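The values are calculated or read from the model by the stated rules, or taken from the named source; none is laboratory data. From a predicted model like this one, the values you see are computed outputs, not experimental measurements. Here Cβ is always computed from backbone atoms with ideal geometry, including for glycine, and neighbour counts include all displayed protein chains. Ligands, DNA and RNA are excluded from the accessible area calculation, which covers all protein heavy atoms including side chains. Shrake-Rupley method; radii C 1.70, N 1.55, O 1.52, S 1.80 Å.
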Amino acid sequence: MHGSSSSASGGSTSSSGGPPPCDQLVEGKDTSIPTEGTPKPALGVPFQDEHYGLTIVRATDASQVTDHDFPEWVRHEYSRRQAFNADSSKAYMISSNGWGRLYDVAPDGALSFLRTIPAGEPTEPNWDATDPNKLYYLSGYGSELVIKQYDVLADETEVIRDLTARVKAIFPAATGMWTKQEGRPSNDGKIWCLEVGHTVQPGSNFVADGFISYDFVADEILGSMSVSENPDHISTSPLGNYCVPSWGLPNGTRAYKLDFSSYTQVHDRTEHSDMAIAKDGSEVMIYSAYDGPDSGFVQMVRLSDGAKTPLFELYGANSSSTAMHFSGAARNRPGYAIASFYGCTEGNGATSCNPATQWFYDKVVAVSLEPSPRIFSLAHVHHGDVGYFGEPVATTNPDLSRILFVSSWGSTKVSDVASYEIRLDCALP
């Protein structure tokens, strides 16, 4: 049933002192129709999703930037990137002209612009797992072999780890490292899996020489592997047990042990995906299998042995399908992933979807990571076709209490792109 807004997003607590249970969220493959043509919500003014009851607020706007290099839009970076720091008191945003923008997050969840920082969009910033005032980032587009630290309180940056000599001893031609902008460290921030490589000449494309697994705490390279083909990206499993590079055919996506001595084949190609902790505590990857032997479903695959569990169908009535992104960043609330849907079509891509018949029409949902998963609708995204930067790419904070999604709110103007915050002040079962 459709619950009241007070139950879904109220401020009460459970008897244990935590948030109340989410006992009145809309569960299942709901086909409520979003009202199209509604005005873009005012910046910073909370409102309630008309069908799902949760509080939502437009969190960003280009006009908030007051220091320098004023952008056309400001939004969070990506579904696989953690926008919020360890205690959700700060948030990292990107902007149309490449600058990183730091936001303050009030206790009620409201975001306000703080300052522009040197960690720009191509530097792959990752918050410290426990220290809310430390942000780590790489050199833009994998141009150096160092990890930098930005101190929020001091507003200062420094090189915190220099791997140049050690990486060059393994890969002499290497001049830089990155994850190709889709990876992050293990949940505790200890293990980093990185692609190292070089450019043929200044300004040319990055050429992969190999991979390294790196213990940030011990400042030690744990393993390495040479490659002859650039991956789409590489990331680290949530518990730091695997490095997971992802290629197209024929290599696909693989979960390597940290010494790269062996691997589990996760998928036969690369798709939109993320890694997370399942309900049973195992490390898994969630991905959309549009092609290959397990096609037709969003799949959950266990990294340790490749066992697959279908979560839900990729296709709906009238030959419909949709694009989607996943976020498994809720490290403090394991067992759930966030999925955001957009670009729904019917008739094998001939027409736009009828939302009354397609449950995955332009929305954000939480999916339990288990057989026969539970699906909870959180919000309609009011997607507008403005290209890549308008894709909803929902991501969650560590506690799964704040979920961000991107929207132009039905507009086709990229200047209307912004981050919207869903306030989930209740505990999923």
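Are any of the residues in region 40-56 under 20 Å from the mean Cα position of the chain (by Cα) and at pLDDT 95 or above?
Taking region 40-56 first, the residues under 20 Å from the mean Cα position of the chain (by Cα) are 56.
Narrowing the set further to residues that are at pLDDT 95 or above leaves 56.
Yes: one or more hits.
Is it the case that region 120-132 has a residue that's in contact with a Leu (Cβ under 7 Å, 6 or more places away or on another chain), open to solvent by less than 20 Å² (accessible area, probe 1.4 Å) and either in a loop (DSSP other than H, G, I, E, B) or hydrophobic (A, V, I, L, M, F, W, C) (or both)?
Yes: one or more hits.
Inside region 348-364, can you point out the residues that are open to solvent by less than 30 Å² (accessible area, probe 1.4 Å), closer than 19 Å to A317 by Cα and within 20 Å of the chain's Cα centre (by Cα)?
Hits for region 348-364 are F360, D362, K363.
Within region 211-232, identify whether any single residue is surrounded by 15 or more Cβ atoms within 10 Å (Cβ to Cβ), in contact with a His (Cβ under 9 Å, 6 or more places away or on another chain) and at pLDDT 95 or above, and answer yes or no.
no
Output the residue which, of all residues in region 282-326 that are of a type in the set (D, E) and in a strand (DSSP E or B), is nearest to P238 (Cα to Cα). Outline the logic, then answer.
Going residue by residue through region 282-326, those that are of a type in the set (D, E) are 283, 291, 294, 305, 313.
Remaining after also requiring in a strand (DSSP E or B): 283, 313.
Working: E283: 7, E313: 25 Å.
So, considering only residues that are of a type in the set (D, E) and in a strand (DSSP E or B), the one nearest to P238 (Cα to Cα) is E283.
Contact list please: Cβ distance under 7 Å, first residue in region 284-296 and of a type in the set (D, E), second residue assigned to a loop (DSSP other than H, G, I, E, B), pairs at least six apart or on different chains.
D291/R269
Can you go through S79, S63 and tell me which one is surrounded by 22 or more Cβ atoms within 10 Å (Cβ to Cβ) and outside any strand (DSSP E or B)?
S79
Of the residues G142, G37, which is open to solvent by less than 30 Å² (accessible area, probe 1.4 Å), more than 22 Å from S327 (Cβ to Cβ) and either at pLDDT below 95 or charged (D, E, K, R) (or both)?
The unique qualifying residue is G142.
Which number in (1) open to solvent by 20 Å² or more (accessible area, probe 1.4 Å); (2) at pLDDT 95 or above marks the one condition that P293 misses?
Of everything listed in (1) open to solvent by 20 Å² or more (accessible area, probe 1.4 Å); (2) at pLDDT 95 or above, P293 misses just condition (2).
In a strand (DSSP E or B), closer than 30 Å to S63 by Cα and either open to solvent by 30 Å² or more (accessible area, probe 1.4 Å) or basic (K, R) (or both): does that describe R161?
It is false that R161 is in a strand (DSSP E or B), closer than 30 Å to S63 by Cα and either open to solvent by 30 Å² or more (accessible area, probe 1.4 Å) or basic (K, R) (or both).
Would you mention how many residues in region 164-203 are in a loop (DSSP other than H, G, I, E, B), among the hydrophobic types (A, V, I, L, M, F, W, C) and open to solvent by 10 Å² or more (accessible area, probe 1.4 Å)? Break it down into steps so the answer makes sense when it comes.
Kept after step one, since they are in a loop (DSSP other than H, G, I, E, B), are these residues of region 164-203: 171-175, 179-190, 200-203.
Adding the requirement that they be among the hydrophobic types (A, V, I, L, M, F, W, C) leaves 171, 173-174, 200.
Next, only the ones that are open to solvent by 10 Å² or more (accessible area, probe 1.4 Å) stay: 171, 173, 200.
The total comes to 3.
Only one of (1) under 15 Å from N126 (Cα atoms); (2) of a type outside the set (A, V, I, L, M); (3) open to solvent by 10 Å² or more (accessible area, probe 1.4 Å) is not met by R58, so which one is it?
With respect to (1) under 15 Å from N126 (Cα atoms); (2) of a type outside the set (A, V, I, L, M); (3) open to solvent by 10 Å² or more (accessible area, probe 1.4 Å), R58 is out only on (1).
Within region 376-414, count every residue that is β-branched (V, I, T), open to solvent by 10 Å² or more (accessible area, probe 1.4 Å) and touching a strand residue (DSSP E or B) at 6+ places or on another chain (Cβ under 6 Å).
The qualifying residues number 0.
Please count how many residues of region 339-377 are under 30 Å from E283 (Cα atoms), of a type outside the set (D, E) and assigned to a loop (DSSP other than H, G, I, E, B).
Residues that pass the stated criteria total 8.
Would you check which residues across region 273-282 are surrounded by fewer than 20 Cβ atoms within 10 Å (Cβ to Cβ) and touching a residue at least 60 places away in the same chain (Cβ under 8 Å) and list them?
K279, D280
Given the options S5, S9, name the one that is closer than 25 Å to W409 by Cα, modelled with pLDDT under 95 and touching a Cys at 6+ places or on another chain (Cβ under 8 Å). Before the answer, list the steps.
Numbers: S5 fails: touching a Cys at 6+ places or on another chain (Cβ under 8 Å).
From the options S5, S9, the qualifying one is S9.
Restricting the search to region 257-270, which residues are surrounded by fewer than 23 Cβ atoms within 10 Å (Cβ to Cβ) and either touching a residue at least 40 places away in the same chain (Cβ under 8 Å) or outside any strand (DSSP E or B) (or both)?
L258, D259, F260, S261, S262, T264, Q265, D268, R269, T270
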